[in-house]
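Here's the structure we're looking at; comments come further down.
The values are calculated or read from the model by the stated rules, or taken from the named source; none is laboratory data. The shown structure was predicted, so the numbers you read here are calculated from the model rather than taken from an experiment. Cβ sites come from the backbone with ideal geometry, for glycine too, and all protein chains shown count toward neighbours. In case anyone asks, the SASA skips ligands and DNA or RNA and just uses the protein heavy atoms, side chains included. Shrake-Rupley method; radii C 1.70, N 1.55, O 1.52, S 1.80 Å.
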Amino acid sequence: MSEVLLQASDLHKRFGDLEVLKGVDLKIHKSEVVTLIGPSGSGKSTLLRCLNLLEIPNEGELVWNGEPLPYNRMTPAEICKHRARTGMVFQHFNLFPHRRVIENVMEGPLTVLGEARGEAETTAHQLLDRVGLADKAKAWPSELSGGQQQRVAIARALAMNPNVLLLDEVTSALDVELIAGVNDLLAELAREGMTMVVVTHDLSFARRVSHRVCFMDEGRIVERGPKDEVIENPQAERAREFMAALTS
Amino acid sequence: MRLLLLICAFLVAAPLAAQDDLRLAMSGAFQPFSTTDEGGNLVGFDADIATVLAERMGYRPVLVQNDWAAIQAGLKTGKYEMICGSMAITDERLKTMHFTLPYYVSGAQVFARPGTTSMQGLRVGVSEDSTYAKYIKTHVAEFPDCTITQFGSEAEIVAAVTTNKLDAFVSDRIVGGFYVKKGGADIAPYGPLLYEEACGIAARKDEPELVRKANAALFEIVQDGTYARIYDKWVGVQPDLDVLLKSWGDFQQHIPHEEAKTEPTEVSKEKPGFADTVKSMLPLFRTGAILTIELSLLTAVIALLLGTLIGIGSTAANPLVARLSQGYILVVRGTPLLVQLFIAYYGLATVLNDAAGSEVITAFGAALIALVINTGAYNAETMRGGIRSVDKGQWEAAASLGMTRMKTMRRVVLPQAFRNSVASLGNNLVVLIKDTSLVGAITLIELTYTARNVVFQSGHPFLPFVVAAVFYLFIITTVDFGMKGWERRMMRSLGGKRAIA
């Protein structure tokens, strides 16, 4: 297997008295698609947000490309730098409503990477073309459907040329007929070798794109392995119940 | 028909029923003649004279405190029957009011710094609407190159002297002396009395009977020694009755006679036409309006910047910055603008000017500071709400791109916060424009103050205020129109359906 891009060891995260992550170990290899599934409140989203330091963990180790990430001692600028190389897409898109579609995609390259406007605009047009929204460059986000907005959000994340894409239930808020467009796009990215960590409830999508699946319950990864084993034939009891409920 | 008669009877009877009370007005800001005690009651020479006279006339005295600038308007509009407020008898005032015999004689006195040898170039204060102000206006040669500033009361003049905003002032010799002693100002009478003046009790032209009764009562209390006792109590010396009686002789011709009993309409006949008055006053209104607009616009721009900064500060992650910002909002919103104006003018401006050794903060500067600080706090509170109402997902999306907190605030959150707040900010601006009407309290003659001056000069009790209202309405409607346009521009990115056409 290829080398490890991001590794978490014994990761803990508490919100007040509530311990959401109770010691998580996770390795993500380059060009690998890892899917996190599990019931609501099991800590999937929190784990994802700890990986790009949107949440700062309380305990445990993070290693990026062989270099430790000393999150407790990092300056705000260093944290920003780590977030810039890890793209994230949210359930509710979170596009900037006061900026046109093209400007949403250009925002990161312009303000964070310091790219020239012309360069950023060319890249943004290419990315919009790629997600199938070349004709919507001048539109406002509020004029787009949910599926279109989510594809803009993916383009916005890709514009930063990230090493890994973190996807947090990106199709959960979409109408059924709009899901396929987003899923097709993600599957294509996976085929091209984009490293991805995916939180989803969509088992067919997990089956389609992921290499490995982790099942989380109550702040721990209770089962992990190749997608066929975990989805089709889970060993842990909680995992069996969950899969049964989802596929019934 | 009978019903109509009944209504008429009521209309006539209502004022008669109130005749048991005799309401007498005074400013309450003219020690030792009229002031207020700890309980807020009017006391002083004028107050005692008014009380005793009303009782001798067979009425129950009711003392009314009224702003000096509006005291004649109050009489005309029937808020009280008489003014017993150290009003000097002048030919001009005799045209619109009746006066009793003089009830004391004093004179106008210049007060200046000890050692003053010439009036050349001094900063001179005077009470607005006073005979002293009129004297200065008509005797310019006696005040060469002087800067004349009008104040609302003698107390404010002495405060301006002690805070080094004035070198000299003109006032009644008794009143001025009293305030100088009380305020500890380093200032003394300069030169001889400018002129003597006699003060009388004023009544409407249609009430000569009231004046006759008051004259009889005045004669009575002078004779039985009550007058001398009251005079001694407040002024500190026995009155010179010879001077008073001489003034009565001079005043004889003005005593209203039986045949002079006039119709109520006579007053309005003597008034100059309103159109003419307004026309002649329009340049004044224009000057006032320009000051109002200048002050409003300048404040609006600076207060928007300040409010935005403080608004950001109040949501800052740094607890010290957040606390300081929130404390600022709390303190400023928790105190009245008028108080802030006085602190800025008599406190801050004085300290800074003394430190600099010259007048770096003018009255306009002090007003600007107070208005900016005040409006800034309201804008900050508005912006705080606007920032808070931006969805948390916006912060996360920007953070996930690697944007810093500052950059996120500037490029993502603030634009949306402005969009959320633009209506409230516009509202703050409208409130600000109306609040500028308070700066008259620190000698700036803006729209409202202009209207008050015109009321005094024209004798129209309220129409100049209507003119001022029209000016305000025009300014505010214009501003409102502009704000609505801005709001539409801001909203364009939200209501996308129109923009896509």
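Taken over segment A:228-248, the criterion of being part of a loop (DSSP other than H, G, I, E, B) and surrounded by fewer than 11 Cβ atoms within 10 Å (Cβ to Cβ) is satisfied by A:S248 alone. Here A:D129 fulfils each of the conditions (1) open to solvent by 20 Å² or more (accessible area, probe 1.4 Å); (2) more than 20 Å from the chain's Cα centre (by Cα); (3) within 14 Å of chain B (Cβ to nearest Cβ) apart from (3).
Scanning segment B:156-176 for residues that are in contact (Cβ under 8 Å) with a residue 60 or more places away in the chain and open to solvent by 20 Å² or more (accessible area, probe 1.4 Å) gives B:A159, B:T163, B:N164, B:K165, B:R173, B:I174.
When A:G114, A:G147 are checked against the criterion of being modelled with pLDDT under 95, of a type outside the set (D, E, K, R) and either part of a helix (DSSP H, G or I) or more than 28 Å from B:A417 (Cβ to Cβ) (or both), a single residue qualifies: A:G147. Checked against (1) within 19 Å of the chain's Cα centre (by Cα); (2) at pLDDT 95 or above, B:V413 passes all but a single condition, namely (1).
Scanning segment B:309-327 for residues that are farther than 16 Å from B:N374 by Cβ, among the β-branched types (V, I, T) and assigned to a helix (DSSP H, G or I) yields a count of 2. For B:S389, the test of being more than 9 Å from chain A (Cβ to nearest Cβ), surrounded by fewer than 23 Cβ atoms within 10 Å (Cβ to Cβ) and without any contact (Cβ under 8 Å) to a residue 40 or more places away in the chain is passed.
Just so you know, in segment B:347-357 the residues that are over 17 Å from B:T149 (Cβ atoms) and of a type outside the set (A, V, I, L, M) include one that is least open to solvent (accessible area, probe 1.4 Å), and it is B:G347.
The one condition from (1) under 21 Å from A:E169 (Cα atoms); (2) among the polar types (S, T, N, Q); (3) modelled with pLDDT under 95 that A:S2 does not meet is (1).
On the given criteria, is B:A317 surrounded by 15 or more Cβ atoms within 10 Å (Cβ to Cβ) and not aromatic (F, W, Y)?
Against the criterion (surrounded by 15 or more Cβ atoms within 10 Å (Cβ to Cβ) and not aromatic (F, W, Y)), B:A317 does not qualify.
Take the conditions (1) in a helix (DSSP H, G or I); (2) open to solvent by 10 Å² or more (accessible area, probe 1.4 Å); A:A155 misses just one of them, which is (2). Is segment A:50-65 home to any residue that is more than 8 Å from chain B (Cβ to nearest Cβ), part of a helix (DSSP H, G or I) and not acidic (D, E)? Looking for residues that are more than 8 Å from chain B (Cβ to nearest Cβ), part of a helix (DSSP H, G or I) and not acidic (D, E), one finds at least one in segment A:50-65, hence yes. Can you find a residue in segment A:163-181 that is among the aliphatic types (A, V, I, L, M), touching a residue at least 40 places away in the same chain (Cβ under 8 Å), in contact with an Asp or Glu (Cβ under 9 Å, 6 or more places away or on another chain) and in a loop (DSSP other than H, G, I, E, B)? Checked segment A:163-181: no residue is among the aliphatic types (A, V, I, L, M), touching a residue at least 40 places away in the same chain (Cβ under 8 Å), in contact with an Asp or Glu (Cβ under 9 Å, 6 or more places away or on another chain) and in a loop (DSSP other than H, G, I, E, B). Filtering segment B:467-485 to residues that are exposed (fewer than 13 other Cβ atoms within 10 Å of the Cβ) and among the β-branched types (V, I, T) leaves B:V470, B:T477, B:T478. Answer yes or no as to whether B:V180 is under 18 Å from B:A108 (Cβ atoms) and assigned by TED's automatic domain parsing to the domain that holds B:I136. Against the criterion (under 18 Å from B:A108 (Cβ atoms) and assigned by TED's automatic domain parsing to the domain that holds B:I136), B:V180 qualifies. The condition (being of a type in the set (D, E, K, R), surrounded by fewer than 23 Cβ atoms within 10 Å (Cβ to Cβ), touching a residue at least 24 places away in the same chain (Cβ under 8 Å) and within 13 Å of chain A (Cβ to nearest Cβ)) is satisfied by just one residue among B:R419, B:R411: B:R419. Residues of segment B:78-90 include at least one that is surrounded by fewer than 19 Cβ atoms within 10 Å (Cβ to Cβ), over 24 Å from B:G176 (Cα atoms), assigned by TED's automatic domain parsing to the domain that holds B:Q238 and under 20 Å from the mean Cα position of the chain (by Cα). Put simply, of A:P39, A:P109 the only residue that is open to solvent by less than 30 Å² (accessible area, probe 1.4 Å), within 28 Å of A:R238 (Cα to Cα) and in contact with a helix residue (DSSP H, G or I) (Cβ under 9 Å, 6 or more places away or on another chain) is A:P39. Taking (1) surrounded by fewer than 21 Cβ atoms within 10 Å (Cβ to Cβ); (2) over 30 Å from B:A228 (Cα atoms); (3) in contact with an Asp or Glu (Cβ under 6 Å, 6 or more places away or on another chain) in turn, B:L122 satisfies each apart from (1). Taking (1) within 14 Å of chain B (Cβ to nearest Cβ); (2) modelled with pLDDT of 95 or more; (3) open to solvent by less than 20 Å² (accessible area, probe 1.4 Å) in turn, A:M196 satisfies each apart from (1).
Assessment of segment B:366-385 against the conditions (crowded, with 21+ Cβ neighbours inside 10 Å and closer than 20 Å to A:F96 by Cα) yields at least one matching residue. When the criteria are applied in full, A:I102 fails the requirement of being within 11 Å of chain B (Cβ to nearest Cβ), without any contact (Cβ under 8 Å) to a residue 40 or more places away in the chain and surrounded by 18 or more Cβ atoms within 10 Å (Cβ to Cβ).
Selection over segment A:40-87 of residues that are in contact (Cβ under 8 Å) with a residue 60 or more places away in the chain and more than 20 Å from A:E169 (Cβ to Cβ) gives a count of 4. Every test in (1) surrounded by fewer than 21 Cβ atoms within 10 Å (Cβ to Cβ); (2) out of contact with any His (no Cβ under 9 Å at 6 or more places or on another chain); (3) of a type in the set (G, A, S) is passed by A:A173 save one, and that test is (2).
Do the conditions hold for A:R117, that is, is it surrounded by fewer than 18 Cβ atoms within 10 Å (Cβ to Cβ) and within 20 Å of the chain's Cα centre (by Cα)? The answer is no for A:R117. What number of residues within segment A:139-152 are touching a residue at least 12 places away in the same chain (Cβ under 8 Å), surrounded by fewer than 21 Cβ atoms within 10 Å (Cβ to Cβ) and at the interface with another protein chain (Cβ under 9 Å from one of its Cβ atoms)? Number of matching residues: 3. Taken as a whole, the condition of being at pLDDT 90 or above and closer than 30 Å to B:I157 by Cβ does not apply to B:L425. Residues in segment A:74-104 that are in a helix (DSSP H, G or I), of a type in the set (V, I, T) and more than 15 Å from A:S142 (Cα to Cα): A:I79 alone. Evaluated against (1) more than 14 Å from chain A (Cβ to nearest Cβ); (2) open to solvent by 60 Å² or more (accessible area, probe 1.4 Å); (3) more than 30 Å from B:V126 (Cα to Cα); (4) among the hydrophobic types (A, V, I, L, M, F, W, C), B:M406 falls short on exactly one condition, (1).
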